[in-house]
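In what follows, a structure is listed as structure tokens, so that the remarks can point back to it.
Any read-out appearing in this document is the output of simple, stated calculations on the displayed coordinates, not a laboratory observation. This is a predicted model, so every value here is computed, not measured. With ideal geometry, Cβ positions are generated from the backbone for all residues, glycine too; neighbour counts draw on all protein chains shown.
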Amino acid sequence: MNNPNDTNKRCLSVVMPIYNEETSISAVLREWFDCLRIVCPNFTILAINDGSTDGTGKILTKLGEEFGSQLRVLNKANSGHGMSCREGYELALAGGAEWIFQTDSDGQCDPVFFYTLFRDRTQYDCVFGYRRSREDGAVRKFVSWCCRLLVWFVSGSHLKDPNVPYRLIRAGALRKALRRVPADSDLQNIGLAVALNRESDLRWKYFPIHFRARQGGKSCINYSTILRTGLNLLRDLRCITHPNAASSWRFPKSVVAGPAR
């Protein structure tokens, strides 16, 4: 934040993509507000409503009236979790935040770990959680394992949890890394993790977290698109690791409402 007296700019912007979470979004946002008001009072939450078809939008409108300027709601057409994250990152940077934290809206990300993560930020440019334990089932664990293996095989980046939705990034580092990530990538978070990892001067820290079971809603993993998304990820990783030799091939885009994590 360039001017500490400028209330339009925040020390911290929290990017939270949301899709069809009417049963849990109120509790999730309240939980995070309770945490952030103690840990970093100068914050804003960017609630990116990715074309929800249930009552999520109406709930967010009411919460926006209650929380005021610290909750900014963006209602947009459905484009998938990754693109919603990308829009949130861009909004946070445009708003002048010093730090950007991305988390998800289904209640699996426990705010209890945020205090230590945020406290240690001054020594690092990127503080990433990694899911040392999790309650979201064997399929999700397997997808995450495959993702980690694919990232290592294609990019050579050894990342503990490349798609983890619990990450704190310094604005300057985020802005630079986003330039490497294709704007149309479905899996923005994975691409961003790889792009950040390729910046050798960045200071990293991994922080163990526990990943809870979903508090509501329905998992949006779409098995029919996993292969297609994985193949597109190969293309995106090549764009990041070999920008001058990147090919233009791409499977037809299929909107994926939730993260394949």
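List of remarks:
- Rel. contact order, % - alpha carbon contacts under 8 angstrom, at least six apart, segment 31-136: 27
- Virtual spin-label span in nm between SER200 and LYS62, 7 Å along Cα→Cβ: 5.5
- At 1.306 mPa s and 10 °C, Stokes diffusion of segment 12-241 via Kirkwood alpha-carbon radius, µm² per second: 90
- Packing-based order for 87-98, 133-144, using average beta carbon neighbours within 10 Å, highest first: 87-98, 133-144
- Computed P(r) (all Cα pairs; segment 102-167; 5 Å bins; percent): 3, 15, 23, 24, 18, 13, 4, 0
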